Amino acid sequence: MGNPIDGSAPDQLGFNSRAIHAGQEPDPLTGSVVVPIYQTSTYKQDGVGGLRGGYEYSRSGNPTRTALEECLAAVEGGARGMAFASGLAAEDTLLRTLCVPGDHMLLPDDAYGGTYRLVARVLTRWGIEFTPVPMHDSGAVAAAIQPNTRVIWVETPTNPLLNIVDIAALAEVSRQHQTLLVVDNTFASPYLQQPLALGADIVVHSTTKYLGGHSDVVGGAVVTRDPEIGEQVAFHQNAMGAVSGPFDSWLVLRGIKTLGVRMDRHCSNAEQIVRFLSQHPAVSSVLYPGLPTHPHHEVAARQMTGFGGMVSFRVRGGEEAALKVCGLTRLFTLGESLGGIESLIEHPARMTHASVAGSELEVPGDLVRLSVGIEDIKDLLADLTAALA
Ligand code: PLP
C-alpha cells in the first residue's frame with residue numbers, strides 16, 4: 001500500500017528525494033553530481049557485441065535518457081518509464097503499442113485538442129475506433145464500452161475546462177471490462193496526483209509542461225505499472241524512434257528536481273487568483289477544481305494533494321471580451337503551452353483548441369485559460385486587475 005500523500009511505499013524515499021536522486025547516482029567515472037549530457041549517437045564496442053555499459057546506439061538507449069526514464073518511473077511509482085520527443089509522440093507510440101486495427105478506445109469528450117486530432121484524424125486511418133465520453137460519469141463510461149474496447153483514456157484535470165475524473169472509480173470500471181486505463185497526468189503532475197496508486201495502468205505526460213517546468217523543452221513520457229507492458233512500449237519506442245534526445249532529457253531531468261517546490265507555488269498563486277477572479281464583475285464564472293462550488297471538487301480533494309496552477313474563466317461579453325483580455329495582460333504572456341515558471345494566458349477556442357472547432361469537443365468562445373506561474377502574486381493580481389478593468 002502506497003503512502004497516500006506522496007505515493008511512496010513506507011520504506012521508500014519521499015517524493016522530492018526521489019525526484020532529485022532516482023536514476024541519478026554520481027557519475028562513477030568522474031564523480032559528477034549531475035548526470036552528464038551524453039551527446040553521442042553511438043558507443044565503442046570492445047569487440048563485436050562487447051558493450052561497455054549496455055549501450056549501442058542512442059535511439060535504442062542513451063545514459064542521460066536512462067536517468068530520466070528511471071526518475072520518471074520513480075516519481076510516478078511505476079515499473080518502467082520511457083521518454084519521448086513530445087507528449088504526442090509518447091501518445092502515438094503508446095496507442096500503437098496497445099491497439100491493433102479494429103480496436104476501440106474511449107476518449108474524453110473534452111480531451112486536449114492534439115490528443116483528439118491524433119486519434120480522430122491519424123489513428124482512425126489505421127483502423128482504430130473511438131467514442132468521446134464524459135469521463136466524470138463512470139456510468140456513461142461503462143455504457144460506452146464495447147467488446148473491442150481496449151483503452152480508456154483519461155485526462156484529469158482536463159484541458160481547458162478543468163473537469164475532474166474519478167481515477168479510482170474508472171480503474172474499477174476498467175478492471176471489470178478488462179480494458180487498460182491510461183491517465184494523462186500532465187495538468188496535475190505526479191507531485192499532486194499519483195494515478196498508478198489509484199489503480200490506473202499507464203500514465204502519460206507532456207513533459208513540456210510541469211515536469212520540464214521552464215518552457216525550454218518539448219518532451220513526452222509514458223510510465224507503466226506493469227513491466228511487461230513497459231517492455232512492449234519500449235520495443236515500439238525503439239522501433240518507431242520518437243525518442244527524447246540527450247539534451248532534452250537532461251533539461252526535463254533538471255526540471256523534475258524542483259517540481260515539488262514549483263508546484264507548491266503554482267498552487268498557492270492559482271488559489272489567490274481564483275479568489276480574485278471569483279469576485280470580479282467582468283468574470284461570469286471561474287473553473288478551478290479547488291473551488292468548493294466546482295462540480296467535482298470532492299473527487300479532486302480526494303485524489304489530489306493540491307489543485308494545480310491551471311485556472312480557466314469565462315468573461316462577460318462573449319468571445320470579443322475574452323480576446324480583449326488576452327491582449328491586455330503584460331506579465332501573463334499570450335502564448336500556448338502551460339506549466340512553466342512564467343505565467344501564460346491564452347484563448348483556447350482560437351489557440352490550443354482550434355483543432356477541435358466544429359467537433360463535439362469545441363470549447364466556448366468566452367473562455368480564457370491561465371497557466372499561473374511562480375512570479376510574485378501581487379504583480380500577477382495587478383496585471384489581471386488592469387486587463388479586466
Ligand atoms: N496532453 C496534454 C494535457 C497537453 O496539454 C498537451 C500539450 O499541450 C499534450 C498532451 C501534448 O504534448 P506535446 O505538446 O508535448 O506533444
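Since every read-out is calculated from the coordinates, none of them should be taken as a lab result. Nothing here was measured: the structure is a model prediction, and the numbers come from that model. When we count neighbours, we look across all protein chains shown, and the Cβ atoms used for this are built from the backbone with ideal geometry, even at glycine.
Shape analysis of segment 1-131 based on the Cα gyration tensor places the equivalent ellipsoid semi-axes at 33, 24, 12 Å, largest first.
Spin-label model, residue 379/residue 20: points 7 Å from Cα along the beta carbon direction are separated by 2.6 nm.
Partner lysines whose Cα lies under 23 Å from the Cα of residue 324, excluding those fewer than 8 positions away in the same chain, are identified as 378. Given their separation in residues at 0.36 nm each and the Cα-Cα distance between them, residue 124 and residue 389 gain 90.8 nm when the chain is fully extended.
Peptide packing: for 342-350, 215-223, the average count of neighbouring Cβ atoms within 10 Å per residue gives the ranking 215-223, 342-350, highest mean first.
How large is the direction-averaged shadow of the alpha-carbon convex hull of the chain, in nm²? Average projection, Cα convex hull of the chain: 19.6 nm². When you count the other C-beta atoms within 10 angstrom of each residue and take the mean per peptide, 365-371, 98-104, 188-194, 16-22 line up highest first as 188-194, 365-371, 16-22, 98-104. For the chain, the longest principal axis of the alpha carbon atoms and the long axis of helix 167-177 meet at an angle near 60°. For segment 47-188, the calculated P(r), taken from all Cα-Cα distances in 5 Å bins from zero up to the bin holding the longest distance, is 2, 9, 17, 20, 18, 14, 8, 5, 4, 2, 1, 0 percent.
Axis of helix 63-76 versus longest Cα principal axis of the chain: the two differ by about 50°, to the nearest ten degrees. Semi-axes of the equivalent ellipsoid for segment 259-388, computed as √(5λ) from the eigenvalues of its C-alpha gyration tensor and ordered from largest down, come to 21, 18, 15 Å. Summary of the geometry: segment 282-321 and segment 59-73, compared by the centres of their Cα atoms, lie 36 Å apart. Summary value for segment 259-388: 27 percent relative contact order, contacts being C-alpha pairs under 8 angstrom separated by 6+ residues.
Ranked by the mean number of other Cβ atoms within 10 Å of their residues, highest first, the peptides 168-174, 316-322, 28-34 come out as 168-174, 316-322, 28-34.
Computed over the chain, relative contact order equals 17 percent, with contacts defined as Cα pairs under 8 Å that lie 6+ residues apart. Against the main long axis of the alpha-carbon atoms of the chain, helix 318-328 sits at an angle near 70°.
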